[in-house]
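Data block below; observations after.
Coordinate-derived values only; no laboratory data. Note that this is a predicted model, so its numbers are computed, not measured. Positions of Cβ are backbone-derived with ideal geometry, glycine not excepted, and every protein chain shown enters the neighbour counts.
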Amino acid sequence: MTDNRVNNSLNIINNIVKNNKVSHALLFEVDDYDTSMSFIKNVAKIILCKQKNKSFDNLNCNKCNICELIDSNNYPDFMIIETDGNWIKKQQLIELQEEFNNKSLLDNKRIYVIKEAEKLNASSSNSLLKFLEEPGDDIIAILVTKNRYLLLDTILSRCQIFSMKYSDFNISSDVVDKVENFIDYITRKKNLFIFYKDIYDNILPDKNIAKKILSEVEKCFMQYLVKNSSECDVDNRKLYNIDKITINEMITYVKIIESEKQKLEFNVNYKIWLDSFFSRIIGEVYDRSNSSEY
């Protein structure tokens, strides 16, 4: 990640934190580990720093000592798990759980990072899964990997996934029209099913095309969150309808798309999946938009 891409990616996280949309488990898919760990520390600062109006200088708020403690690896409730030899081992996860079962002395959230999460072996993966299944209210897991698909599906399903790979910010020009049309359709809110046939025939006719188009839509939303603007620049065109979608809704879309793409990796009935996908958009985005949560 270049410095510019690090800052842009942190804008995404900042939006999620400000909108109280942080999951108990985050997974970051990255290009390389050397630069990503500095980025992960900055993510931790955004989550843990208690200053409501943050004015970061190099991602330090300059008003508390939390940021400095994280930088110096001395913050007691921020732990990084790395490989022991070639693997991350079960005993490391057991010791982590024992440590995090104790109450925080700082009255703050606690974060543990698993670097090179694809190197969890079978035993440590199962130990982590048990930890993720019953998360403490104040505990956040951050998994860092170059390839999310090397992790157990059951672990992925419990994570809020962010791909920070360079390629995931580039929108393919051959699908621009379909991306634009799909975003336009989902701004129609509860009338989405009225356009079911048009979407099925012209945008999402089968599983493979659906995976590609949804990936591109997700990239567009990520661009929007990075730029924090009312427009998304796709192939030098502006998707003006995107400003009809709130930040909260967009964050929820990213989460839905990630999990729904995972379902398409399995042998599912496509039409049943599409019905479920549309129902989930309406239920999790638009029905909830009328509640106090939004």
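Results, tabulated for the structure shown:
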item: Debye log10 I(q)/I(0) for the stretch 80-207, one point scatterer per Cα, at q = 0.14, 0.21, 0.23 Å⁻¹; result: -0.78, -1.15, -1.33
item: Extension gain (nm, one decimal) between Asp107 and Asn126, 0.36 nm per residue minus Cα-Cα; result: 3.9 nm
item: Gain in span if fully extended, Phe266 to Asp243, counting 0.36 nm per residue against the direct Cα distance; result: 4.9 nm
item: Contour excess over end-to-end distance, with Cα ends at Asp275 and Lys18 and 0.36 nm allotted per residue; result: 89.3 nm
item: Whether the stretch 3-168 is rounded, prolate or oblate, judged on the alpha carbon gyration tensor where a/c under 1.5 counts as rounded; result: oblate
item: Normalised contact order of the stretch 3-168, rounded percent, pairs of Cα under 8 Å and 6 or more residues apart; result: 34
item: Only Lys, Arg (+1) and Asp, Glu (-1) charged, at Cβ; the stretch 3-168 dipole about Cα centre in debye; result: 500
